[in-house]
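Values quoted throughout were computed directly from the atomic coordinates according to the rules given, and no laboratory measurement underlies them. Please read all numbers here as calculations on a predicted model, not as lab measurements. Cβ sites come from the backbone with ideal geometry, for glycine too, and all protein chains shown count toward neighbours.
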Amino acid sequence: MVCVKHVPDIQSERSLGPDGRLVRDGGDGTINELDENAVEAAVVLAEQARGAGEEAEVVVVTVGPDDAEDAVRRGLQLGADAAVHVLDDAIAGSDVFGTAAVLAAVLRRLGEQAPVDLVVTGMAGLDGLTSLLPAALAATLDLPQLTLAAEVTLADGAVTVRRDLDHAVEELTAPLPALVSVTDRANQPRYPNFQGIMAARKKPVESLTLADLGVDPSTVGAAGARTEVLEAAPRPPRTDRVLVTDDGQAGARLAAWLLERDLVRTTPATGEVL
């Protein structure tokens with residue numbers, strides 16, 4: 001199971017509405033870029049399993065309004081086998097805990113049809129950048145979590161990841177079922193060909209509601225959120241800008257400006273900039 005999210009284009013102008021929620025009706029949404037790495041990681045693992053004579057299926061899941069279906073459609077283009085879209089007005093305003101509860105309910109439903117061995121997510125959603133969903137979902141499902149993976153492998157009923165830190169490389173292993181979140185270093189998502197795009201258009205997307213999942217509406221959405229936006233306003237424009245037209249002396253003026261504000265240091269003996 002791969003969790004994907006439909007987010008506003010990160011290059012677009014983003015804002016919060018009067019209700020304190022991110023405005024998502026600009027028509028420029030797309031799949032969360034880091035979730036494409038999650039889909040690729042899952043598809044590669046499934047291909048390897050099939051190559052070894054095992055059965056494998058990748059299911060992409062999203063939670064969101066009507067246009068969120070685009071995210072799972074993209075997942076199908078990238079090689080996923082099936083897609084689920086949880087669509088219910090009562091979910092609007094959910095925080096990470098509410099979203100995790102809904103995704104956990106989807107996993108339990110999928111588990112009634114076949115065992116779900118691995119949950120894969122991107123390391124963060126580029127709209128909120130909290131990076132909390134992987135941990136919240138793992139905790140809700142009581143699964144071991146291996147986060148920020150730069151490499152993922154499966155063998156002997158366990159998942160192993162490599163995590164690249166600033167001053168060390170970690171290798172972590174957990175028994176299946178487990179949850180893994182991947183970074184953008186984990187792989188290079190494939191570019192879907194025309195055949196894959198056309199095939200994805202024909203694949204059905206299962207649409208589910210909270211009632212289908214047995215989730216109490218009062219526990220998710222704005223009603224069940226543990227966080228609340230009290231006030232939001234656009235960041236005020238900067239008023240301390242100094243625009244310099246380069247007449248050949250702009251570099252010297254910039255250096256002087258930095259020195260005046262003690263933003264660079266010089267050696268007392270020679271005046272050389274450190």
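Across the chain, where is the longest run that never hits GluC sites (Glu not before Pro) in a DSSP loop with at most 15 other C-beta atoms within 10 Å?
Counting only loop sites that pass the neighbour cut-off, the longest clear stretch is 56-227.
Quick check on the range 145-196: take the gyration tensor over C-alpha atoms, sort the square-rooted eigenvalues as a ≥ b ≥ c, and tell me if it's rounded (a/c under 1.5), prolate or oblate.
Oblate shape, in that a/c is at least 1.5 and b/c is the bigger or equal ratio.
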Amide H to amide H, which residues 5 or more places from residue 181 or on other chains are under 5 Å from it, using H placed in the peptide plane? 121, 146, 147, 148, 149
Considering the dipole of the range 2-224 built from charges on the beta carbon (Lys and Arg +1, Asp and Glu -1) around the Cα centre, which of 180, 116, 102 is farthest to its positive end? 116
May I ask for the distance between the Cα centers of the range 11-67 and the range 200-267, given as a whole number of Å? 21 Å
Quickly work out the residue 261-to-residue 184 label distance, labels modelled 7 Å from Cα along the C-beta direction, and quote it in nm with one decimal. 2.7 nm
Amide H within-cut-off set for residue 128, under 5 Å, with H built and near neighbours excluded: none
Over the chain, with a Gaussian network built from C-alpha contacts below 10 Å, which listed residue (70, 246, 127) shows the highest mean-square fluctuation? 246
Sort the range 2-224 into rounded, prolate or oblate with this rule: let a ≥ b ≥ c be the square roots of the eigenvalues of the Cα gyration tensor; rounded if a/c is under 1.5, and if a/c is not under 1.5, prolate when a/b is larger than b/c, oblate otherwise. rounded
Test of understanding: in a Gaussian network model of the chain with alpha carbons linked when under 10 Å, which of 89, 35, 184 would top the mean-square fluctuation ranking? 89
Simple spin-label estimate for residue 49 and residue 232 in nanometres, 7 Å along Cα-Cβ: 3.8 nm
Based solely on its DSSP helices, what 222 nm [θ] is calculated for the chain when runs of n ≥ 4 H residues each add -39,500 (n - 2.57) and the sum is averaged over all residues, nearest 500 deg cm²/dmol? -9000 deg cm²/dmol
Computed about the Cα centre, the charge dipole of the chain from +1 Lys/Arg and -1 Asp/Glu charges at the Cβ has a magnitude in debye, to the nearest 20, of 300 debye
Between the modelled labels at residue 203 and residue 253 (7 Å from Cα along Cα→Cβ) the distance in nm is 5.7 nm
